[in-house]
Amino acid sequence: MSTTRIREIREIIREEPVMQPRILQALEGGPRTVPEIAEAIGCPTDEVLFWVMGMRRYGKIREVPGANADGYFRYSRPDWTVSA
């Protein structure tokens with residue numbers, strides 16, 4: 001049995017307002033996938049997924065049409081123009 005403590009979803013979601021600026025900063029160089037954002041901000045991918053989906057829902061970031069070769073979608077700041 002693993003001794004790693006898994007954070008509660010409520011705790012992860014509560015951090016979204018704090019993480020939004022970090023995610024937006026990670027997207028300054030252009031669109032990134034969730035794993036790339038996670039690496040850039042130094043947080044677990046599963047937690048970044050919650051924050052990205054929340055930001056996407058409220059229009060703070062947007063999904064770039066079409067997945068990459070690995071099947072991941074990229075996300076960008078709404079002010080970026082990205083060709084598919």
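The set of residues from the stretch 12-50 being in contact (Cβ under 8 Å) with a residue 40 or more places away in the chain and either small (G, A, S) or assigned to a helix (DSSP H, G or I) (or both) comprises I13, Q20, L24, G30, V34, E47, F50. Could you run through the stretch 63-77 and say how many residues are within 18 Å of Q20 (Cα to Cα) and either among the acidic types (D, E) or modelled with pLDDT of 95 or more (or both)? Final tally of qualifying residues: 4. A Cβ distance below 6 Å, combined with a sequence gap of six or more or placement on separate chains, defines the contacts here; from the stretch 54-75, residues that are under 14 Å from E36 (Cα atoms) and in contact (Cβ under 8 Å) with a residue 60 or more places away in the chain reach no residue that is part of a strand (DSSP E or B) and acidic (D, E). When the stretch 19-36 is filtered for residues that are among the hydrophobic types (A, V, I, L, M, F, W, C) and over 15 Å from D70 (Cα atoms), the ones remaining, listed by number, are M19, I23, L24, A26, L27.
For the stretch 51-76, name all the residues that are assigned to a loop (DSSP other than H, G, I, E, B) and either in contact with a helix residue (DSSP H, G or I) (Cβ under 6 Å, 6 or more places away or on another chain) or surrounded by fewer than 16 Cβ atoms within 10 Å (Cβ to Cβ) (or both). Y58, G59, I61, N68, A69, D70, G71, Y72, listed by residue number.
The values are calculated or read from the model by the stated rules, or taken from the named source; none is laboratory data. Please read all numbers here as calculations on a predicted model, not as lab measurements. Positions of Cβ are backbone-derived with ideal geometry, glycine not excepted, and every protein chain shown enters the neighbour counts.
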